[in-house]
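What follows is a set of notes on a single structure, which appears directly below.
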Amino acid sequence: MPDDARINTLPEDGTAGRGDRAPLLAFIADGASEAILREVLGESALPGVTIRRGNVRAAIAALTKTPTPQALIVDVSGEDRPLTALGDLSEVVEPDVRVLVIGEEEGVNFYRLVTRHLGALEYLYKPLTRDMVARHFLPLLTGAELPADNFQGGRMVTLTGVRGGAGASTIAAHLAWHFGVAAGRHTVLLDADLHFGTGALLLDGKASAGLRTALEAPQRIDELFVERAAQPVSERLFVLAGEEAPDMPLIYTEGAGERLIEALRRRYNLIIADVPPAPLAFNQDLLGLGHHRALVLPPTLAGVRDTLRLLALPHGRLQPRRPILVLNRLGAPGSLTRTQIEAALKLKIDVVIPDMPRQMARATALGAPTSGLRGGFRAGILALAKEVAFVKVPDEIPALSNRRRWFGWRR
């Protein structure tokens, strides 16, 4: 093996720029991870991407016979000794290769060994989500680093129905119920429609004047204000909603949305914001502040048209990829098929919720999400929860020890 100094510098012969080196080669062991990787890399229009089925051993076998790519993604799933396998890989690749690793081990100690001691750029554990790949692999491959979220606190996802009746409010309420009650995470449902929102009704909660006050007088927002304004639904689920008179105009002070979200993020792990598509300043601020943006569309031609229009809006600062697409009420009488919708959008649908009119009508009438969290609807909510509830490996990693690094690129 070369010495440490040699591993941590680019080769002197200029091999980094050789024309026979592929830009990116990936070896992925399972179909689900491969599909997510293909989708995210495809959306980024990254050139020269080759993805093969197989794990790290397949990568070793292939790279003993072919030139080393500039970047390499390897899957160590199924390996009894994954660190040994990565050591074997280091023997057959050039020292300047950028290595990203996928595996099944969730422990932070394993993450440290792979990234800090072995020199891989990043490690992600399965099951992968599109957000994980977009936030932590894509910037290392494209050089377009996502702006850092310097605020320490909870995460926010916005749900927007592309048109009235799409079902975004029902989905937002059930998603909040899943996180706050079923998963036991401190969660607040923020209903941005202060006049006709249904968030409080769907959770059998209460509206208050606190949200309107926050938007009109943001200087009053602090932790105590948030505690009083958000109404409890259960021990760890709260709702922040208004019920203003239809003829009462909303006075929105610039910057109020950002200040409110900062206060909520200090108090809650997750903020589920039901945001109408109306071009109001408060709505636009919420869409830009979220970590994720989800669009809920019905299986109709008008739903497809309006989805395309909303997809054209710019991403928020903390959003690494396009909005999550939630196709609601699939299979409703006279509706489009999933294949037809994906062909029209030229995009894959991320989450599908079937048409379940009787079940959802009962849940909506009773204000009891437990009545709706069954069958295909429950599966859809769980799939959406997986997409948005990304948990990042802690950044507080100890400094690199004096052990040698197997791959040469430093962070």
- What's the extension gain from Leu224 to Arg185 if we count 0.36 nm per residue and subtract their Cα-Cα distance? 12.0 nm
- Charge dipole of the chain built from unit charges on the beta carbon (Lys, Arg +1; Asp, Glu -1), centred at mean Cα; most positive-end Cα among Pro314, Leu202, Leu327 is Leu327
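Among the DSSP beta bridges whose two residues both lie in the chain, what percent are antiparallel, rounded to the nearest 5?
Within the chain, antiparallel bridges account for around 5 percent of the total.
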- Task: For helix 301-311, report the angle its Cα long axis makes with the longest principal axis of the Cα atoms of the chain; keep it between 0 and 90° and round to the nearest 10°.
- Result: 60
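Pulled fully out, how much extra length does the chain show between Phe196 and Ala217, if you take 0.36 nm times their separation in residues and subtract their Cα-Cα distance?
Details: separation 21, 0.36 × 21 = 7.56 nm, distance 2.15 nm.
Gain on extension, Phe196 to Ala217, equals 5.4 nm.
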- Query: Could you give the angle, 0 to 90 degrees to the nearest 10, between helix 256-267's Cα long axis and the longest principal axis of the Cα atoms of the chain?
  - Reply: 70
- How much length is gained if the chain between Lys348 and Asp247 is pulled fully straight, taking 0.36 nm per residue apart and subtracting their Cα-Cα distance, in nm to one decimal? 32.3 nm
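Can you give the FRET efficiency to the nearest 0.05 for Glu106 and Asp20, using r as the Cβ-Cβ distance and R₀ = 35 Å? Each step should come with its number before you reach the end.
Details: r = 37 Å, r/R0 = 1.06.
My answer for the efficiency is 0.40.
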- Separation between the Leu83 and Asp204 pseudo-spin-labels, each 7 Å from Cα along Cα→Cβ, expressed in nm? 5.2
- Message: Can you compute 3J(HN,Hα) from phi for each residue in region 98-107, using the Karplus curve 6.51 cos²θ - 1.76 cosθ + 1.60 with θ = phi - 60°, rounded to whole Hz and x for Gly and Pro?
- Response: 8, 9, 10, 10, 10, x, 10, 6, 9, x
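Any idea what % of Cα-Cα pairs in the chain are farther than 30 Å? Working shown, then result.
Working: 40073 of 84255 pairs.
When every Cα pair of the chain is considered, 48 percent fall beyond 30 Å.
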- Message: Going by average Cβ density within 10 Å per residue, which order do the peptides 112-123, 24-35, 336-347 take, highest to lowest?
- Response: 112-123, 24-35, 336-347
- Rounded, prolate or oblate (a/c below 1.5 giving rounded, otherwise prolate when a/b exceeds b/c) for region 260-381 by Cα gyration tensor: oblate
- Query: Against the longest alpha carbon principal axis of the chain, how many degrees, from 0 to 90 and to the nearest 10, is the axis of helix 31-43 turned?
  - Reply: 80
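Could you order the peptides 209-215, 225-231, 105-111, 167-173 from most to least packed, using the average number of other C-beta atoms within 10 Å per residue?
Working: 209-215: 19.9, 225-231: 17.9, 105-111: 14.3, 167-173: 25.9.
For the peptides 209-215, 225-231, 105-111, 167-173, the packing ranking is 167-173, 209-215, 225-231, 105-111.
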- Pop a pseudo-label 7 angstrom from the Cα along the beta-carbon direction at both Leu280 and Glu235 and give the gap in nm to one decimal. 3.5
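Quick note: the coordinates plus some simple rules give every number you see, no bench work behind them. Bear in mind the structure is a predicted one, so any value in this text is a computation, not a measurement. With ideal geometry, Cβ positions are generated from the backbone for all residues, glycine too; neighbour counts draw on all protein chains shown.
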